[in-house]
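**Student:** Take a look at this one; I'll ask things after.
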Amino acid sequence: MKTLFVALLFFIPFFVNAQDVYNLDKTYEVDADGLLKLTSSDAKVYITGNDRTDARVKIYRNMKGSLNLGTSSFAVDIQADNGSLVITEKYSGSMINIAGSSGEEYKIEIEIPENMRLDIKGDGDKYEISNISGAIEMHLDDADADLKACNGKDFRFTFYDGDISLDKGSGNLFVKADDGDLRIAEGKFDKINATMEDGDLVIATTLTNNGEYFYDIEDGNLILSFTDGGAKVDIAHEDTQIDVSSDFIPIRQSENRTRLALGSSNANVEIRAEDAMIRMTTK
């Protein structure tokens, strides 16, 4: 009994009630076309562009739990340099929940000049991004993003196990995804390079003169709606279902290759598909 009592006394200092609150609300000087670089995890993230000339960052994190073993600290490193802003989470120590339930409230709100560029790295986050006219690059794992009124000319998405949606987009689009879906409602892209595995790619976009569009789809669905323009379409396929509207004129077809023409534009659409479904329509 004495031995058990001593053992309990030894461990008591390491049992903590996790109620770790972090609260920040600051403004930082940035350039109108600077870079916002954000690295975070398990947060609800809101990024909004407007006519302000600085950046306002609000971060609130409240860790709620019952009984935990160990110690852990949380902070955010924010560096404003050469007109750009770099925001990075910092953790130290470790903590294990051993009794009861635990959870957290974690929200990041950022207001920046609308022409700033974004470089986002996230794990488990939920993003709402609006009114950004600069280039947007996102590297996500198990995260979802909803982009609205983002009028930039360069979009780059690398993501795993998540969903991304855009209400519009133009210029260049690069996509590399595994077990994720991408949906774009009103695109006006000149160039698309998209590789998707085990996911759906749903895009409504115009076809620009001399535009280049490449899609590599495996174990997923490619649904394209062309709202304007025309193209030559070359599809290399294996175990793939192809469904196109009557606007597409067959040029050549074999067991593993289908070539079509849409209108008279000299844009090129190249598709590589395996174990996939392809649907193409016009509006």
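**Student:** Give me the mean projected area, in nm² to one decimal, of the convex hull enclosing the Cα positions of region 171-283.
**Tutor:** 5.8 nm²
**Student:** Could you list, in their original order, any pairs among Lys121/Lys283; Lys26/Lys107; Lys121/Lys168; Lys26/Lys188; Lys188/Lys232; Lys64/Lys176 whose Cα atoms are separated by more than 26 Å?
**Tutor:** Over 26 Å apart, Cα to Cα: Lys121/Lys283; Lys26/Lys188; Lys64/Lys176.
**Student:** Related question: Taking Cα pairs under 8 Å and at least six residues apart, what relative contact order does the chain come out at, in percent?
**Tutor:** On the way: 866 pairs, mean separation 35.0, N = 283.
12 percent.
**Student:** Now a separate question. Using Cβ contacts closer than 10 Å as the measure, can you line up Thr205, Thr195 from fewest to most?
**Tutor:** Thr195, Thr205
**Student:** Let me ask you something else. Can you tell me how region 146-236 classifies by the Cα gyration tensor, rounded, prolate or oblate, using a/c under 1.5 as the rounded cut? If you can, show how the numbers build up before the last one.
**Tutor:** Working: a/c = 1.78, a/b = 1.16, b/c = 1.54.
Oblate, because a/c is 1.5 or more while a/b does not exceed b/c.
**Student:** While we're here: Cut-off is 10 Å between beta-carbons; in what order do Tyr213, Tyr22 appear when sorted fewest neighbours first?
**Tutor:** Ascending number of Cβ neighbours within 10 Å: Tyr22, Tyr213.
**Student:** Here's something else I'd like to know. Count the DSSP beta bridges whose two residues both fall in the chain, then state the antiparallel fraction as a percent rounded to the nearest 5.
**Tutor:** In the chain, DSSP labels about 30 percent of beta bridges as antiparallel.
**Student:** Given q = 0.12, 0.17 Å⁻¹, what are the Debye log10 I(q)/I(0) values for region 19-152, with equal point scatterers placed on the Cα positions and solvent ignored?
**Tutor:** Evaluating at q = 0.12, 0.17 Å⁻¹ gives log10 I(q)/I(0) of -0.48, -0.88.
**Student:** Under the rule of -39500 (n - 2.57) per DSSP H run of 4 or more residues, summed and divided by the residues of the chain, what mean residue ellipticity at 222 nm is obtained, to the nearest 500 deg cm²/dmol? Spell out each step's value before the answer.
**Tutor:** Working: 1 runs with 10 residues, N = 283.
The helix contribution divided over the chain gives -1000 deg cm²/dmol.
FYI, it's all coordinate maths here, none of it is from the lab. Nothing here was measured: the structure is a model prediction, and the numbers come from that model. So basically every Cβ, Gly included, is an ideal-geometry build from the backbone, and we count neighbours across all protein chains shown.
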